[in-house]
Amino acid sequence: MLPPTTPYAQDAKQTVDTWSNYSTIPQEHPKSVEFVKYTPKTLALFDGTAHDDGNDGRRILLAIKGNVFDVSPGRNFYGPGGPYGNFAGRDASRGMAKQSFDPEMLTPLDQPIDTLEDLTASERKNMDEWEAHFEGKYGIVGELVNEADVGL
């Protein structure tokens, strides 16, 4: 086995210059994400508007296929007045599957989570594509569960 070679001065300088322009220490430590179980009612509090419970309206969450995504960085799309704003704080699965913004696409908050059993293959494909989009762009922060399943 040969001993390691000493780099030429120009190679060493290039390496130092490359590293001196790069900071490995982040400006601010990223916030930790706590994985939470949300019910339709608790998810509804994260619709981008302030609530009496102390929620300042900064976080916007929505669910697709049981996964809850933090879409806050997309406030212009998912926040109040945005084109997808009706899905904020809600289970968007049926609406995304059917490509519909109609209010009847949203399950009432006092009803069990939509099983989506009646969706066609094409609608399921739409929903899967939307889920993949959200997985690639936003973080999963929780799971959507029925009220009866909280604490299990």
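The values are calculated or read from the model by the stated rules, or taken from the named source; none is laboratory data. Every value quoted in this text rests on a predicted model; they were computed, and no experiment measured them. Methodologically, a virtual Cβ is constructed for each residue, glycine included, from the backbone with ideal geometry; neighbour enumeration extends over all protein chains shown.
In the range 121-146, which residues are charged (D, E, K, R) and under 11 Å from Gly66 (Cα atoms)?
Scanning the range 121-146 gives Glu131, Glu143.
For a quick check of your reading of the model, give me the residue pairs whose first member lies in the range 111-131 and is within 18 Å of Pro40 (Cβ to Cβ), whose second is loosely packed, with under 14 Cβ neighbours inside 10 Å and aliphatic (A, V, I, L, M), with beta-carbon atoms closer than 9 Å and at least 6 apart or on different chains.
These pairs meet every condition: Pro112/Ala148.
Which of the residues spanning the range 47-69 are at pLDDT 95 or above and either of a type outside the set (A, V, I, L, M) or over 19 Å from Met96 (Cα atoms) (or both)?
Across the range 47-69, the qualifying residues are Lys65, Gly66, Asn67, Phe69.
Quick check on my filter: what residues within the range 43-68 are within 27 Å of Leu116 (Cα to Cα), hydrophobic (A, V, I, L, M, F, W, C) and not in a strand (DSSP E or B)? Quick ask: steps written out before the conclusion?
Just the residues of the range 43-68 that are within 27 Å of Leu116 (Cα to Cα), to begin with: 43-48, 59-68.
This time we only want the ones that are hydrophobic (A, V, I, L, M, F, W, C), so: 43-46, 60-64, 68.
Selection gives Leu43, Ala44, Leu45, Phe46.
Given the condition touching a strand residue (DSSP E or B) at 6+ places or on another chain (Cβ under 9 Å), surrounded by fewer than 22 Cβ atoms within 10 Å (Cβ to Cβ), of a type in the set (Val, Ile, Thr) and modelled with pLDDT of 95 or more, answer yes or no: does some residue in the range 93-113 qualify?
yes
Quick one: in the range 64-86, which of the residues that are among the charged types (D, E, K, R) and crowded, with 18+ Cβ neighbours inside 10 Å is nearest to Val141 (Cα to Cα)?
Step by step, filter the range 64-86, then rank; the result is Asp70.
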